[in-house]
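Nothing in this text is a laboratory measurement; each read-out follows from the coordinates by a stated rule. These numbers were taken from a predicted model, which means no experiment stands behind them. No Cβ is skipped: glycine too gets one built from the backbone with ideal geometry, and neighbour counts run over all protein chains shown.
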Amino acid sequence: MSDPNERPSTRAENVLHYLATSMVDEPDSVEISTSDWRGKISLNLSVAPNDMGKVIGRKGRTAQAIRSVVRAVGAIDDTDVHVDIVD
């Protein structure tokens, strides 16, 4: 279980990292950068070019599912979290 003293952005970032590394062929290439803008946390996910399709999925369904799960983790901590997948 997660540490209740952990920062909300760290919790959301950990969930995003877990999801991304679980679905790609090159988990060592997964990188997440965090920025805070107007009280919203933005997580930028970068994966290997060959893994981009796996993270996005058909018609963006996988990407939307990832965003929903990470947003739900942020909501638990009353934090607005947004996920961007960058190349």
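Please give the net charge around S68, taking every other residue with its beta carbon less than 14 angstrom from that of S68, where Lys and Arg add +1 and Asp and Glu add -1.
Result for the neighbourhood of S68: +2.
For helix 61-76, report the angle its Cα long axis makes with the longest principal axis of the Cα atoms of the chain; keep it between 0 and 90° and round to the nearest 10°.
10 degrees
List the residues, sorted by chain then number, that are 5 or more residues from H82 or on another chain and whose placed amide H is less than 5 Å from its amide H.
When sequence neighbours closer than 5 places are left aside, the close amide H contacts are I41, S42, L43.
If you count the DSSP beta bridges with both ends in the chain, what percent of them are antiparallel, to the nearest 5?
50 percent
Quick check on the chain: helices-only [θ] at 222 nm, where DSSP H runs of length 4 and up contribute -39,500 (n - 2.57) each and the sum goes over total residues. Nearest 500, please.
That comes out to -13500 deg cm²/dmol.
Give me the net charge of N50's neighbourhood, meaning all other residues with Cβ under 14 Å from the Cβ of N50; Lys, Arg count +1, Asp, Glu -1.
-4
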